[in-house]
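Engineer: The structure under discussion is supplied below as structure tokens; questions concerning it will follow.
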Amino acid sequence: MVRRPYAPGKKGKRRTRSVSEYGTQLREKQRLKHFYNLREQQFKNYVRAVLSKKGKAEDLPLQLMRTLEGRLDSVVFRLGFAPSRTGARQLVGHKNFLVNGKAVDVPSYQVRVKDVIAVSPAKTKNKYFTNLQASLKKFKAPTWLVLDPDKMEGKVTGQISMEEASPVGDIGIVFEFYAR
């Protein structure tokens, strides 16, 4: 059987349309927004906040990545406490984590350098966290985070670099989309 690179039928041989500039910008924005599991308004606020620092900050894409990766749900995911960002968001929402000794249930909470993120002592006896402790011993955290699997806590020691963030799309195109 021969496979042809076009759809069957008379109309299948038409050339495909090229995607407009707006379409590529929209696709990149949606890709980044869905990667971090954010609603449109949240994502727009993050991008506009970074764009407002245009003259002051020198590397806007890095600033956006630091803002997105600095969210509590992203840090919980990067520390290996959750299998996905969605799972991390749910775990944070159920008050499973303490930030500097205080319970935080807001996934968008921005962590700072020297913040300590720990599993709540009341939740460590939970079946999920008892099973997780064994796999955390093998887990390798990013360089800007320090993980202590025995205490079930992590510490933010620095800020993320662009190489570690490895964004899923071209962030410059996202800024172009919102600069209109």
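The values are calculated or read from the model by the stated rules, or taken from the named source; none is laboratory data. Because the structure is a prediction, the values reported are computed rather than measured. Positions of Cβ are generated from backbone atoms using ideal geometry, with glycine treated the same way; all protein chains shown enter the neighbour counts.
Engineer: Name every residue in the stretch 106-135 that is in contact with a helix residue (DSSP H, G or I) (Cβ under 9 Å, 6 or more places away or on another chain), β-branched (Val, Ile, Thr) and part of a strand (DSSP E or B), in order of residue number.
Structural biologist: Listed by number, the residues that qualify are Ile117, Val119.
Engineer: Still on this structure, I have one more. Return the pair list, or none, for Cβ contacts closer than 7 Å from residues in the stretch 27-40 that are outside any helix (DSSP H, G or I) to residues that are of a type in the set (Val, Ile, Thr), at least 6 apart or on different chains.
Structural biologist: Asn37/Thr86
Engineer: Would you pick out the residues in the stretch 20-40 that are surrounded by 13 or more Cβ atoms within 10 Å (Cβ to Cβ) and polar (S, T, N, Q)?
Structural biologist: Of everything in the stretch 20-40, those that are surrounded by 13 or more Cβ atoms within 10 Å (Cβ to Cβ) and polar (S, T, N, Q) turn out to be Thr24, Gln25, Gln30, Asn37.
Engineer: Name the pairs: first residue in the stretch 151-180 and surrounded by 14 or more Cβ atoms within 10 Å (Cβ to Cβ), second residue of a type in the set (Asp, Glu), Cβ to Cβ under 6 Å, at least 6 apart or on different chains?
Structural biologist: Val156/Asp115; Ile160/Glu69; Ala165/Glu69; Gly169/Glu28; Asp170/Glu28; Ile173/Glu28; Val174/Glu28
Engineer: Further question on the same structure: Failed condition for Gly87, given (1) in a helix (DSSP H, G or I); (2) farther than 23 Å from Asp115 by Cα, with all others met?
Structural biologist: Of everything listed in (1) in a helix (DSSP H, G or I); (2) farther than 23 Å from Asp115 by Cα, Gly87 misses just condition (2).
Engineer: Related question: Check off (1) at pLDDT below 95; (2) farther than 30 Å from Tyr22 by Cβ for Lys102 and give me the number that stays unchecked.
Structural biologist: (1)
Engineer: Out of the stretch 113-162, which residues are of a type in the set (Val, Ile, Thr) and within 23 Å of Lys102 (Cβ to Cβ)? Give the derivation first.
Structural biologist: So the first thing to find is which residues in the stretch 113-162 are of a type in the set (Val, Ile, Thr), and the list is 113, 116-117, 119, 124, 130, 143, 146, 156-157, 160.
Once the filter is applied, which keeps residues that are of a type in the set (Val, Ile, Thr) and within 23 Å of Lys102 (Cβ to Cβ), the stretch 113-162 yields Val113, Val116, Ile117, Val119, Thr124, Val146, Val156, Thr157.
Engineer: Would you confirm, using the coordinates I've provided, whether Ala49 is surrounded by fewer than 16 Cβ atoms within 10 Å (Cβ to Cβ), hydrophobic (A, V, I, L, M, F, W, C) and more than 9 Å from the chain's Cα centre (by Cα)?
Structural biologist: Judged against the criteria, Ala49 is a match.
Engineer: Looking at (1) in contact with a strand residue (DSSP E or B) (Cβ under 7 Å, 6 or more places away or on another chain); (2) buried (at least 20 other Cβ atoms within 10 Å of the Cβ), find the lone condition where Asp115 falls short.
Structural biologist: Looking at each condition in turn, Asp115 falls short on (2).
Engineer: Quick one: which of Lys151, Lys53, Lys95, Lys138 is assigned to a loop (DSSP other than H, G, I, E, B), under 17 Å from Phe175 (Cα atoms) and not acidic (Asp, Glu)? Quick ask: steps written out before the conclusion?
Structural biologist: Working: Lys151 fails: under 17 Å from Phe175 (Cα atoms); Lys95 fails: under 17 Å from Phe175 (Cα atoms); Lys138 fails: under 17 Å from Phe175 (Cα atoms).
After applying the criteria, what remains is Lys53.
Engineer: Cβ-Cβ distance below 8 Å, separation of 6 or more or different chains: which pairs start in the stretch 52-70 with a residue that is crowded, with 18+ Cβ neighbours inside 10 Å and end on one that is among the charged types (D, E, K, R)?
Structural biologist: Pairs found: Gln63/Lys53; Glu69/Arg78; Gly70/Arg112.
Engineer: Being buried (at least 18 other Cβ atoms within 10 Å of the Cβ), of a type in the set (Lys, Arg) and touching a residue at least 60 places away in the same chain (Cβ under 8 Å), is that true of even one residue in the stretch 84-100?
Structural biologist: The answer is no, given that none of the residues of the stretch 84-100 is buried (at least 18 other Cβ atoms within 10 Å of the Cβ), of a type in the set (Lys, Arg) and touching a residue at least 60 places away in the same chain (Cβ under 8 Å).
Engineer: Continuing with the same structure: If you take the residues of the stretch 1-26 that are in a loop (DSSP other than H, G, I, E, B) and among the hydroxyl-bearing types (Ser, Thr, Tyr), which of them is farthest from Gly172 (Cα to Cα)?
Structural biologist: Tyr6
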